[in-house]
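Engineer: Please read through the structure below; I'll follow up with questions.
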Amino acid sequence: MGWSSWNSLGEGVSYDVIKAEADGLAALNTHITSNARYEYVNIDEGWWRSGQRDESGNFIVDTTQWPGGMQAIARYIHGKGLKAGIYIDAGPRGCGKRADGTHFVGSDFAHYDHDFLQFAQWGFDFVKVDFCGGVAKSYDPETTYRSIAQAIRRAYSQTGQLMTFSLCDGGAIPTSKSFPDYGQGPWVWGAGVGTMWRTTRDITPDFGSVTYNLAGNYHPEGQHTGYYNDPDMMVAAMGMSAVHDQAHVSLWAIAGAPMILGNDLAKPLEADAASLLTNPEVLAIDQDALGLQGLLVAQAGGPQVWAKLLAGKGQRAVVLFNNSATDAPMAVTWDALGLDPSSQATVRDVWARKDLGRFTASYTAPDVPAGGVTMLTVSGTDAVPVAWQQGPLAGTAAYSRCPACLGGKKITRLGTAYFRGGASTARGGFVEIGYVNDGVQTAYAQLAMNDGRPTTLAFPPTGGDGRVGAVTVYVPFRAGPNTLALSNADPSIPAPDIEYVVTVGGPVPLAFAISTAHQLPRQVSFLASTKPSPMRHDDRRRNVS
Ligand code: GLA
């Protein structure tokens with residue numbers, strides 16, 4: 001959660017301007033009655049405007065614009081209890097142009113170590129890396145961003161400064177067969193490279209753009225355990241109607257998307273904007289500990305039902321999105337939520353912050369406004385988890401004693417561990433992986449379904465006493481038996497010990513909306529109600545060759 005300068009300020013950033021926005025963000029946080037906080041103040045393009053570096057190879061920072069340099073603004077932001085973000089391009093030139101038509105200078109392979117070390121030394125906690133210069137040089141997004149991730153790791157080992165890495169290639173799908181990510185967007189390979197990756201083109205403050213980005217962001221198999229599809233910074237409180245604003249915030253929250261606000265916080269905030277941006281129950285759905293993306297579970301013409309698996313027994317979030325021109329009643333069934341249809345479930349309206357009662361099998365909201373939403377939590381009865389069978393171990397993997405584990409053992413020293421199992425639906429589903437990580441650092445493993453391309457999972461520490469933790473991920477099942485492999489992601493970083501894999505109940509996606517890790521991702525356009533406005537920059541995002 002945070003704020004970025006681009007949507008309302010463009011290149012008009014400076015110490016004084018960002019200072020006022022940081023003050024505004026801190027003030028906004030005082031309205032939040034839970035522990036959720038907008039944390040990051042991200043300075044986007046415009047912080048440097050030079051077409052070249054200085055003779056020492058540094059970015060030229062204008063000290064009229066930034067008295068005290070970039071470290072001074074980072075320090076100011078930290079002083080407000082917030083984190084500071086900066087922006088750069090992965091190629092030799094930035095997106096923006098100078099008055100003479102030349103581009104701002106970018107980073108580029110030869111400068112990555114130098115530049116990301118510089119950002120860390122300045123004290124930044126977040127870096128967004130664009131790809132305009134990457135496109136100009138026909139760079140491969142995956143190779144480029146992996147190289148930057150290494151530079152960020154090296155900067156960390158030199159400075160101890162952690163930087164959240166935000167990839168911004170607009171969800172480009174490379175068309176060159178020589179690229180490792182040929183035919184695949186960043187949702188396939190981004191986990192473990194960065195924390196979040198843009199999936200679509202730039203958002204603009206109109207509802208057609210919001211629904212367009214929502215659709216292009218739909219890659220639930222790519223998002224888990226701290227890795228996020230990014231449908232772009234938000235345009236709430238920037239001139240759309242109150243109904244559309246509320247739908248936008250709800251849809252970003254159910255997607256578990258980064259909530260990076262874009263409105264001008266230096267201006268006095270209207271009371272309704274403050275309540276729109278600080279509803280603790282909506283923020284809790286966005287920030288839910290499982291970090292999963294909501295699934296599209298029903299659609300009838302325009303209206304759509306979105307549902308998200310939340311942490312805790314039988315917990316779901318639901319957005320009834322009436323993407324049509326007429327107010328209408330809308331229903332959600334317990335079947336679609338993966339809840340026992342014969343058991344009662346408690347339904348709560350999270351915008352109204354009111355319990356609606358207990359219902360069996362389904363709930364119908366009597367009147368969802370045209371273009372708007374009703375947002376609910378539903379607390380019901382989960383399906384019983386189904387254990388996957390442990391299959392062969394390969395490489396260094398072996399069983400070891402684990403008093404806290406079911407069966408008294410766990411798989412240690414990955415290698416690869418295979419599991420066989422399935423789901424009640426062949427449309428994908430949720431698996432929970434029980435693990436032990438008694439180190440102090442996050443451990444990593446790769447998950448591959450049915451020999452598809454692996455994705456990286458993060459396994460946070462579970463405590464030093466052999467306690468078992470769990471991560472839940474959405475995986476593309478196929479009909480019949482499925483094989484799931486967990487492998488060591490990289491021998492130089494710790495892997496978790498694995499206790500079990502089970503299928504758990506969760507929302508059941510509509511069949512047609514699924515793209516899997518081993519299929520070519522297709523651009524889904526079923527949500528777009530109107531054409532989005534043109535991008536502010538060249539439409540360079542769709543293909544990279
Ligand atoms: C690209 C990005 C935007 C913003 C601008 C700045 O278009 O996608 O989010 O950073 O560049 O020029």
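Engineer: Among the Cys residues of the chain, which have no other cysteine Cβ under 4.7 angstrom away?
Structural biologist: Within the chain, the cysteines lacking a partner Cβ under 4.7 Å are C168.
Engineer: Let me ask something additional. Counting alpha carbon pairs within less than 8 Å and at least 6 residues apart, what relative contact order, in whole percent, applies to the chain?
Structural biologist: 13 percent
Engineer: List the lysines whose Cα lies under 16 Å from the Cα of K19, skipping any in the same chain that are fewer than 8 positions away.
Structural biologist: Excluding near neighbours in sequence, the set is K80, K83, K267.
Engineer: Given the C-alpha centroids of segment 206-265 and segment 109-163, what is the distance between them in whole angstrom?
Structural biologist: Spelled out, the Cα-based centre of one part sits 25 Å from the other.
Engineer: Considering the alpha-carbon set of segment 177-225 alone, what are its Rg and its Dmax in angstrom?
Structural biologist: 12.5, 38
Engineer: May I ask you to order 89-97, 269-277 by the average number of other C-beta atoms within 10 Å around their residues, highest value first?
Structural biologist: 89-97, 269-277
Engineer: Ok, one more. Treating only the Cβ atoms of Lys and Arg (+1) and Asp and Glu (-1) as charged, compute the dipole magnitude of the chain about its Cα centre; round to the nearest 20 debye. Provide the component values of the computation, followed by the final result.
Structural biologist: On the way: 41 positive and 49 negative charges, 224 e Å.
Magnitude of the dipole: close to 1080 debye.
Engineer: Follow-up. Spin-label point model (7 Å from Cα, Cβ direction): what's the R453 to K313 distance in nm?
Structural biologist: For R453 paired with K313, the spin-label model returns 4.0 nm.
Engineer: Still on this structure, please answer the following. How big is the charge dipole of segment 129-185 about its Cα centre, in debye rounded to the nearest 20, if each Lys and Arg gets +1 on its Cβ and each Asp and Glu gets -1 on its Cβ?
Structural biologist: 200 debye
Engineer: Per-residue counts of other Cβ atoms within 10 Å, averaged by peptide: what ranking do you get for 314-321, 361-368, highest first?
Structural biologist: Per-residue mean Cβ counts within 10 Å order the peptides as 314-321, 361-368.
Engineer: For segment 295-379, take N as its residue count and report Rg(C-alpha) divided by 2.2 N^0.38 Å.
Structural biologist: 1.00
Engineer: Below 8 Å, C-alpha to C-alpha, sequence gap of six or more: please give me the relative contact order for segment 207-354 in percent.
Structural biologist: Reported relative contact order: 19 percent.
Engineer: Quick one: of the DSSP bridges fully inside the chain, what percent are antiparallel, nearest 5?
Structural biologist: 75 percent
Engineer: Moving on to the next point. First measure r as the distance between the Cβ atoms of R53 and D100, then evaluate 1/(1 + (r/R0)^6) with R0 = 22 Å and state the FRET efficiency to the nearest 0.05. Could the numbers behind the result be given before it?
Structural biologist: On the way: r = 17 Å, r/R0 = 0.78.
Calculated transfer efficiency: 0.80.
Engineer: Charges on Cβ only, +1 for Lys and Arg, -1 for Asp and Glu, centred on the Cα centroid of the chain; of M449, V350, V475, which one is farthest towards the dipole's positive end?
Structural biologist: Of the candidates, M449 comes out farthest on the positive side.
Engineer: Output needed for the chain: three equivalent-ellipsoid semi-axes, defined as square roots of 5 times the C-alpha gyration tensor eigenvalues, in descending order, whole Å.
Structural biologist: Details: eigenvalues 257, 180, 95 Å².
Over the Cα atoms of the chain, the semi-axes work out to 36, 30, 22 Å.
Engineer: Right, something else. Give the cross-link partners of K177 among the lysines, using a straight C-alpha distance below 29 Å as the criterion and excluding same-chain residues fewer than 8 apart.
Structural biologist: Of all the lysines, those that pass the test against K177 - Cα under 29 Å, at least 8 places apart if same chain - are K128, K137.
Engineer: Shape call for segment 74-136 from the C-alpha gyration tensor, a ≥ b ≥ c root eigenvalues: rounded (a/c under 1.5), prolate (a/b greater than b/c) or oblate?
Structural biologist: Since a/c reaches 1.5 and a/b is larger than b/c, the shape of segment 74-136 is classed as prolate.
Engineer: Right, next: What 222 nm value per residue comes from the helices of the chain, counting each DSSP H run with n ≥ 4 as -39,500 (n - 2.57) and dividing by all residues, nearest 500 deg cm²/dmol?
Structural biologist: So the calculated ellipticity at 222 nm is -6000 deg cm²/dmol.
Engineer: Assign unit charges at the C-beta atoms only (+1 for Lys and Arg, -1 for Asp and Glu), then state the dipole size of segment 388-519 relative to its Cα centre in Debye, rounded to the nearest 20. Before the final figure, lay out each step's value.
Structural biologist: Details: 9 positive and 7 negative charges, 54 e Å.
Roughly 260 debye for segment 388-519.
Engineer: Scattering from the C-alpha atoms of segment 388-519 alone, worked out with Debye: what is log10 I(q)/I(0) at q = 0.10, 0.11, 0.14, 0.17 1/Å?
Structural biologist: -0.30, -0.37, -0.59, -0.86
Engineer: Quickly work out the S492-to-K137 label distance, labels modelled 7 Å from Cα along the C-beta direction, and quote it in nm with one decimal.
Structural biologist: 2.2 nm
Engineer: Between beta-carbons, use under 9 Å as the cut-off and find the net charge around C402, counting Lys and Arg +1, Asp and Glu -1.
Structural biologist: Once all neighbours under 9 Å are counted, the net charge is +1.
Engineer: Continuing with this model, one more query. Label points 7 Å out from Cα along the Cβ direction at Q287 and S362: separation in nm?
Structural biologist: Going by the 7 Å Cα→Cβ label model, 3.5 nm.
Engineer: How high is the relative contact order of segment 1-109, in percent, with contacts defined as C-alpha pairs under 8 Å that are six or more residues apart? The partial results should precede the final answer.
Structural biologist: Working: 168 pairs, mean separation 30.5, N = 109.
So the answer I get is 28 percent.
Engineer: Provide S166, S107, S176, S487 in ascending order of the number of other Cβ atoms located within 10 Å of each residue's Cβ, fewest first.
Structural biologist: Starting with the residue having the fewest Cβ neighbours, the order is S176, S487, S166, S107.
Engineer: How do 119-128, 4-13, 405-414 rank on mean C-beta neighbours within 10 Å, highest first?
Structural biologist: On the way: 119-128: 22.9, 4-13: 19.5, 405-414: 17.9.
Ranking the peptides 119-128, 4-13, 405-414 by packing returns 119-128, 4-13, 405-414.
Values in this text are rule-based calculations from the coordinates and carry no lab data. Here the structure is a predicted model, which is why all the values come from computation and not from measurement. Glycine also receives a Cβ, built like all others from the backbone with ideal geometry; neighbour counts cover every protein chain displayed.
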